[in-house]
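The values are calculated or read from the model by the stated rules, or taken from the named source; none is laboratory data. Everything numeric in this text was worked out from a predicted model, so none of it was measured. Note: ideal-geometry Cβ built from the backbone for every residue, glycine included; neighbour counts use all protein chains shown.
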Amino acid sequence: MHIPSRSSVLPRRTFLRGLGACIALPWLEAMMPARAALGGAPRRMAFIYLPNGMDMANWTPSKMGAGYDFPSTLQPLQPHQQQLSVLSGLAHGQARAGGDGPGDHARANATFLTGVRARKTAGADIHIGISADQVAALQIGRETRLPSLEITCDSSSKQAGACDSGYACAYQNNISWRNENTPMPPIADPRLIFERLFGTAEDPELAAGKALRESCRGSILDSVRQDARTLQNSLGASDRRKVDEYLTALRETEIGIQQQAKFQAQLPKVPMMEKPEGIPGDFTSHVKMMYDLLALALTTDSTRIATFMVLREGSNKSYPWIGVNEAHHEISHHGGSPDKKAKLAKINQYHMERFAEFLAKLKTSREGAGSVLDNSMIVLGSAIGDGDRHNHNDLPVLLAGGGGGALKPGRHVQYTKDTPMTNLYLTMMHHMNVKVDKIGDSTGLLENV
């Protein structure tokens, strides 16, 4: 890496390089003159999917506009109110049965980012639409090392065969679609994501990630130590502090992945044993690690487009560490039971806690006068409202971030009945300078966001 003098401008696409490693840097003050010439900090977007709907009574604020209230499920997000909007009334009409009978979970996953009705088939003749993230990736993905990133915590997802009520498993296990019949399967293993982010672009198998797999001792930071030291000597105090914080966060993530690998290596080898759900076995650690990697991907501008299907629709995961031993999907069919609804609310709040931690990371990652969160558009939601009714309207939807000044966060907005959720995506594409007139069943730009 060529290191300029302190009076020089540091190129935005500057990497720390070492033997088999390539680490992108976060936004630094030394890069601002170069980025200003290109129109300011980059805008980013991510889509986060949670399954089985929500306990909407504990989700929906009673007040509209700014200063909205926080029901119990949303309580963990209160510190982020000024950068978070609750969007009520949005719908995914193409996820409804429409004469195709049962299969709401498969249709929900497939429709979430496409706004297109899935062809009901359990065979190879699947057909859906290109998803919003891939619409953007096709146009602006070339601006970053990774056109897009697709991740999940659902390590049991299947890509072949039949799953929900005669729908192919591909529908239920993917939210990102390259085209009408080609999904973008999400990655569940944090090590593989780490390698994609910080391995050499030419051959990830030669990256430090290979050492992580084989020895669980190697550190990608060791290989770039000299380059990092040279860079630090060229930076001002503020940038030196930011690089220190970034490398520390990267090292903590790396250690977590190494510990996970050691844990997996110590598991007894049982013939025909299915891979445990959750990598590692501690689901909370897995979710946090995936959010940390997503934050690193956005902060380093390794990609500006990401999807995180936390778990697939119909997930039967239980949450005993928060007092919920029953399967999520089972209790989502609560039938009005106060006990089941209370447990469902616990699961929902647990996921809001993890989301709040992710937003905090983006908020503390500074970019010029703002933060990575200020320059991002983060959607969290589901294509099912109430899991007991399997309805696809009045969906639970959050929109976080400022979109580089394009959004007006900090409000609860109520839209008219059956407003397509794809209108939100079309609006986001507009703010990302993606040229597209329609996404799925969209009818126009979404107002008041």
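For the reader, a short list of remarks on this structure follows.
- Residue count, region 128-159 (criterion: farther than 19 Å from Leu296 by Cα, among the small types (Gly, Ala, Ser) and not in a loop (DSSP other than H, G, I, E, B)): 2
- Take the conditions (1) crowded, with 20+ Cβ neighbours inside 10 Å; (2) within 30 Å of Glu245 (Cα to Cα); (3) in contact with a strand residue (DSSP E or B) (Cβ under 9 Å, 6 or more places away or on another chain); Pro396 misses just one of them, which is (2).
For every residue, the table says whether it meets (1) in a helix (DSSP H, G or I); (2) out of contact with any Ser or Thr (no Cβ under 6 Å at 6 or more places or on another chain); (3) on the phi > 0 side of the Ramachandran plot; (4) modelled with pLDDT of 95 or more.
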residue: Phe47; (1), (2), (3), (4): no, no, no, yes
residue: Phe70; (1), (2), (3), (4): no, yes, no, yes
residue: Pro79; (1), (2), (3), (4): yes, yes, no, yes
residue: Gly89; (1), (2), (3), (4): no, no, yes, yes
residue: Gly98; (1), (2), (3), (4): no, yes, yes, no
residue: Gly101; (1), (2), (3), (4): no, yes, yes, no
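- Per-region count, region 60-87, residues small (Gly, Ala, Ser), in contact with a Pro (Cβ under 9 Å, 6 or more places away or on another chain) and either surrounded by fewer than 19 Cβ atoms within 10 Å (Cβ to Cβ) or more than 17 Å from Leu380 (Cβ to Cβ) (or both): 1
- Search result, residues across region 368-393 that are within 15 Å of the chain's Cα centre (by Cα) and modelled with pLDDT under 95: Val372
- Matching residues, region 88-104, being of a type in the set (S, T, N, Q) and surrounded by 22 or more Cβ atoms within 10 Å (Cβ to Cβ): Gln94
Residues checked against (1) at pLDDT below 95; (2) touching an Asp or Glu at 6+ places or on another chain (Cβ under 8 Å); (3) surrounded by fewer than 22 Cβ atoms within 10 Å (Cβ to Cβ); (4) of a type in the set (Val, Ile, Thr):
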{"site": "Ala295", "(1), (2), (3), (4)": "yes, no, no, no"}
{"site": "Ser302", "(1), (2), (3), (4)": "yes, no, yes, no"}
{"site": "Tyr319", "(1), (2), (3), (4)": "no, no, yes, no"}
{"site": "His329", "(1), (2), (3), (4)": "no, no, yes, no"}
{"site": "Ser332", "(1), (2), (3), (4)": "no, yes, no, no"}
{"site": "Gly336", "(1), (2), (3), (4)": "yes, yes, yes, no"}
{"site": "Glu357", "(1), (2), (3), (4)": "no, no, yes, no"}
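- Residue identified as within 21 Å of Thr60 (Cβ to Cβ), small (Gly, Ala, Ser) and in a loop (DSSP other than H, G, I, E, B) among Ala342, Ala383, Ala356: Ala383
- Within region 49-64, the presence of a residue that is of a type in the set (S, T, N, Q), under 20 Å from the mean Cα position of the chain (by Cα), modelled with pLDDT of 95 or more and in a helix (DSSP H, G or I) is excluded.
- Whichever residue in region 170-192 is among the aliphatic types (A, V, I, L, M) and surrounded by 24 or more Cβ atoms within 10 Å (Cβ to Cβ) and, among such residues, is modelled with the lowest pLDDT: Ala170
- Given (1) surrounded by 23 or more Cβ atoms within 10 Å (Cβ to Cβ); (2) assigned to a helix (DSSP H, G or I); (3) under 21 Å from the mean Cα position of the chain (by Cα), number of the condition Glu313 does not satisfy: (2)
- Residue match in region 423-437 (condition: at pLDDT below 95 and either in contact with a helix residue (DSSP H, G or I) (Cβ under 7 Å, 6 or more places away or on another chain) or at positive phi (or both)): no
- Residue count for region 391-423 satisfying the condition of being in a helix (DSSP H, G or I) and either under 20 Å from Phe355 (Cα atoms) or among the charged types (D, E, K, R) (or both): 1.
- Residue under evaluation Val372, criteria (1) within 18 Å of Ala295 (Cα to Cα); (2) crowded, with 22+ Cβ neighbours inside 10 Å; (3) out of contact with any Ser or Thr (no Cβ under 6 Å at 6 or more places or on another chain), criterion not met: (3)
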